[in-house]
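Notes follow once the structure below has been shown.
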Amino acid sequence: MACKRGALIVLEGVDKAGKTTQSKKLLQALQQGGRAVEVLRFPDRTTTIGQLISAYLEKKSELEDHTVHLLFSANRWELVPLMKKKLEQGTTLIVDRYAFSGAAFTSAKPGFSLDWCKKTDEGLPKPDLVMFLQLSPAEAALRGQFGEERYETNVFQRAVQQKFEQLIKDPSVNWQVIDASKSVEDVHKDIKTHSINAINIAQNLPLGEL
Ligand code: DGP
């Protein structure tokens, strides 16, 4: 019998929603359950393209806004062969940010339509599940100050939040909204339940495209 494919599971949300903490906890829980699973994170700052993005985010370089959008997208595309290989081999991938961050962050800038921003990611492997960790700007502020990187301001994050609110209305994507204001353990329980369901369903379905 052919090996069953892994699921592509994405965590999205504004900064401070807890995506990275929850990705790690989900990884551990699924591994303890005996599943083959790995975490990926976008932007992947280790590649040549990722290093350009990293310097831009750290404000060490300036890039024109369309250009940086294309670089973020290219950074996802360059990982596609690896992602497909892992999924086909039966490994579930937990992805910390994906194309939806690409659309939400760039379209939060003046002069960018959501449609234009989504175009460059069309054809990427489609997630079996996208969990949106929902946290109001007020609650995010209670989690401390933002860091020094580009985009880490209250005004910009509020604009990003609004763009995500539009994106989660897309019925062609399996969105699950998670209340990220709950305790780390309670959020983890919700995420784990949705993920196990998605893994069970995905193994009998072909991988789709965005
Ligand atoms: P992180 O390493 O998860 O903190 O992400 C770095 C920052 O980059 C964060 O503010 C979100 C933003 N970001 C992530 N993906 C994209 C993208 O595709 N396009 C744009 N413009 N920003 C992105």
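The values are calculated or read from the model by the stated rules, or taken from the named source; none is laboratory data. Remember, predicted model here, so these are calculated numbers, not experimental data. Reconstructed Cβ throughout: ideal geometry from the backbone, glycine too, with neighbour counts over all protein chains shown. Areas reflect the complete protein model, heavy atoms only, side chains present, ligands, DNA and RNA absent. Shrake-Rupley method; radii C 1.70, N 1.55, O 1.52, S 1.80 Å.
Under the definition of Cα pairs under 8 Å and six or more residues apart, what whole-number percent is the relative contact order of the range 2-74?
Numbers: 28 pairs, mean separation 11.8, N = 73.
Reported as a whole number, the value is 16 percent.
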Carbon/sulfur fraction of accessible area - the chain, other protein chains in place, 1.4 Å, %
53 percent
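Go through the range 103-154 and name the GluC sites (Glu not before Pro) that are in a DSSP coil and have 13 or fewer other Cβ atoms within 10 Å of their Cβ.
Here the sparse-neighbourhood loop sites are Glu122, Glu148, Glu149.
Could you work out how much longer the chain between Glu88 and Glu209 gets when fully extended? Use 0.36 nm per residue separation minus the Cα distance between them, nm to one decimal.
Details: separation 121, 0.36 × 121 = 43.56 nm, distance 1.46 nm.
Gain in length upon complete extension: 42.1 nm.
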For the range 49-147: span of alpha carbons on each principal axis (Å, largest first):
41, 32, 27
If you project the alpha carbons of the chain onto the principal axes, what extent comes out on each, in Å, largest first?
51, 36, 31
Where does the range 93-156 land on the Kirkwood hydrodynamic radius, alpha-carbon pairs, in angstrom?
13.8 Å
Once both axes come from the Cα atoms, what is the angle between helix 154-167 and the longest principal axis of the chain, in degrees from 0 to 90, rounded to 10?
40 degrees
Options Thr193, Val173, Gly50, ranked by Cα towards positive dipole end of the chain, top entry (Cβ charges)
Thr193
Give me the one-decimal nm value for the distance between modelled label points at Trp77 and Asn154, 7 Å along each residue's Cα-to-Cβ direction.
3.9 nm
So what's the range 33-104 giving for Rg/Rh, alpha carbon basis, Kirkwood Rh from the mean inverse pair distance?
1.04
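Let me know the whole percent of all Cα-Cα pairs from the range 106-210 that are separated by more than 17 Å.
Numbers: 3493 of 5460 pairs.
Summing the P(r) of the range 106-210 above 17 Å gives 64 percent of all pairs.
Leu27 to Lys4: FRET efficiency via 1/(1 + (r/R0)^6), r the Cβ-Cβ distance, R0 25 Å, to the nearest 0.05? Mind dumping the intermediate values first?
Working: r = 19 Å, r/R0 = 0.77.
According to the calculation, E is roughly 0.85.
Compare the peptides 5-16, 26-37, 159-170 by average per-residue count of other Cβ atoms within 10 angstrom and give them in order, highest first. Walk me through the numbers on the way to the answer.
Working: 5-16: 25.0, 26-37: 15.1, 159-170: 16.8.
Order by mean packing, descending: 5-16, 159-170, 26-37.
Once you keep just the Cα pairs under 8 angstrom separated by 6 or more residues, what percentage relative contact order results for the chain? Don't jump to the answer; show the numbers that get you there.
Working: 322 pairs, mean separation 72.1, N = 210.
Relative contact order comes out at 34 percent.
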Neighbourhood net charge (13 Å Cβ-Cβ; Lys/Arg +1, Asp/Glu -1) for Ala29
+3
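What length, rounded to one decimal in nm, is gained on full extension from Thr48 through to Thr193, with 0.36 nm per residue of separation minus their alpha-carbon distance?
Values: separation 145, 0.36 × 145 = 52.20 nm, distance 3.63 nm.
Extra length from Thr48 to Thr193 when fully extended: 48.6 nm.
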